[in-house]
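Visitor: Just dropping this structure here.
The values are calculated or read from the model by the stated rules, or taken from the named source; none is laboratory data. As the structure is a prediction and not an experimental result, all values here were calculated from the model. Here the Cβ positions follow ideal geometry from the backbone for every residue, glycine too, while neighbour counts run over all protein chains shown. The area values use the complete protein model at the heavy-atom level, side chains included, leaving out ligands, DNA and RNA. Shrake-Rupley method; radii C 1.70, N 1.55, O 1.52, S 1.80 Å.
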Amino acid sequence: MRLIVLCVLLLTASPLSAAERLNVVASFSIVADFVRIIGGDRVNLSTLVGPDGDVHVYTPAPGDAKRIAEARLVIVNGLGLEGWLPRLVQSSGAKAEVVTASKGIAPLKLRSGADPHAWQSVVNAKIYVANIADALVAAGPEDADFFRAQAKAYLEKLEALDREVRDAVASIPTERRKVITTHNAFGYFAAEYGVQFVAPLGVSTETEPSARDIAAIIGQIKAEKISAVFLENISDDRLIRRIAAETGAKVGGILISDGLTGEKGPAPTYIDMVRHNIKALTSALDH
Ligand code: ZN
């Protein structure tokens, strides 16, 4: 009898084999971070667009269809972010359930349609986490207690993170809460926390701005009284110094919008990303 009890204990203590874990594919690094935290070792997680990848323009890799074919769940952002995904799912012949993590958020509009960057509001991230937890519980009911406990603990961290963001923004004088960014990815952050993000007029996000673009940006910064400029695609330091010299605006720093960095980067997790961004904002805007 004692031997049997011991065997059961050993079985429950041993790590799950790959076959026992729930196969989940996440579309990109931010959704993957949530799945990793809630799913822990009960989930066999595979990420299509990993750290530092661009989820907007992803070209599926040869192995992706196979990964999707073997998955029980495919967890995506939705809101049109993964335009390349439906064809991939179809071509894989997958029976996987596609779960939209952003389901239930209040979508904002961009000129081109829904704004997909809903995760930039921590309030929305909590909805993502609740949706992902529900999907994992439905697909792996034997681990329901585990998934719910993981989600609860993480939601508490996100609650604290949301307060951190509000405190950080509150420390910035109201009239200084206005920045320029080239990537129009902070609409949800702006709506939730009250920092204005202005797109540089007539500047492509794809290419290095020309001298004329820089002159236009300088005029815009002065006209709109913008306090800081985050221009991620300007690699020429002289242009950056010219903007700073002619406007007095702070230029520099990087806001991370669409994906996490690798382990050695500033944002290997979602929480790190949000903290990185509030630090970049407060150090550029606090005066
Ligand atoms: Zn984006």
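Visitor: Pick from region 127-186 the residues that are assigned to a helix (DSSP H, G or I) and at pLDDT below 95: which of them is nearest to V251 (Cα to Cα)?
Guide: R176
Visitor: In the set I127, I132, which member is more than 30 Å from Q220 (Cα to Cα), in contact with a helix residue (DSSP H, G or I) (Cβ under 6 Å, 6 or more places away or on another chain) and not assigned by TED's automatic domain parsing to the domain that holds M273?
Guide: Testing whether each residue is more than 30 Å from Q220 (Cα to Cα), in contact with a helix residue (DSSP H, G or I) (Cβ under 6 Å, 6 or more places away or on another chain) and not assigned by TED's automatic domain parsing to the domain that holds M273 leaves just I132.
Visitor: Would you check which residues across region 111-133 are open to solvent by 10 Å² or more (accessible area, probe 1.4 Å) and charged (D, E, K, R) and list them?
Guide: Listed by number, the residues that qualify are R111, K126.
Visitor: Suppose we keep only residues that are part of a helix (DSSP H, G or I) and within 16 Å of the ligand (Cβ to nearest atom) within region 32-75. Which one would you say is nearest to G262 (Cα to Cα)?
Guide: Ranking the candidates gives V55 first.
Visitor: Can you confirm whether region 92-105 contains a residue that is part of a strand (DSSP E or B), open to solvent by less than 30 Å² (accessible area, probe 1.4 Å) and either more than 19 Å from A32 (Cβ to Cβ) or of a type outside the set (D, E) (or both)?
Guide: Looking for residues that are part of a strand (DSSP E or B), open to solvent by less than 30 Å² (accessible area, probe 1.4 Å) and either more than 19 Å from A32 (Cβ to Cβ) or of a type outside the set (D, E) (or both), one finds at least one in region 92-105, hence yes.
Visitor: If you go through region 142-164 one residue at a time, do you hit one that is at positive phi and not basic (K, R)?
Guide: no
Visitor: Identify the single condition in (1) within 19 Å of the chain's Cα centre (by Cα); (2) away from the ligand (no atom under 15 Å from the Cβ) that A114 does not satisfy, given that it satisfies every other one.
Guide: (2)
Listed here are the residues, each with its yes/no results for (1) crowded, with 18+ Cβ neighbours inside 10 Å; (2) not in a loop (DSSP other than H, G, I, E, B).
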| position | (1), (2) |
| --- | --- |
| R242 | no, yes |
| E246 | no, yes |
| I256 | yes, no |
| L260 | yes, no |
| A267 | yes, no |
| H276 | yes, yes |
| A280 | yes, yes |
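Visitor: V55 versus (1) modelled with pLDDT under 95; (2) open to solvent by 10 Å² or more (accessible area, probe 1.4 Å): which is the lone unmet condition?
Guide: So the condition that V55 fails would be (2).
Visitor: State whether the residues of region 204-213 include one that is buried (at least 17 other Cβ atoms within 10 Å of the Cβ) and at pLDDT 80 or above.
Guide: Among the residues of region 204-213, at least one is buried (at least 17 other Cβ atoms within 10 Å of the Cβ) and at pLDDT 80 or above, which makes the answer yes.
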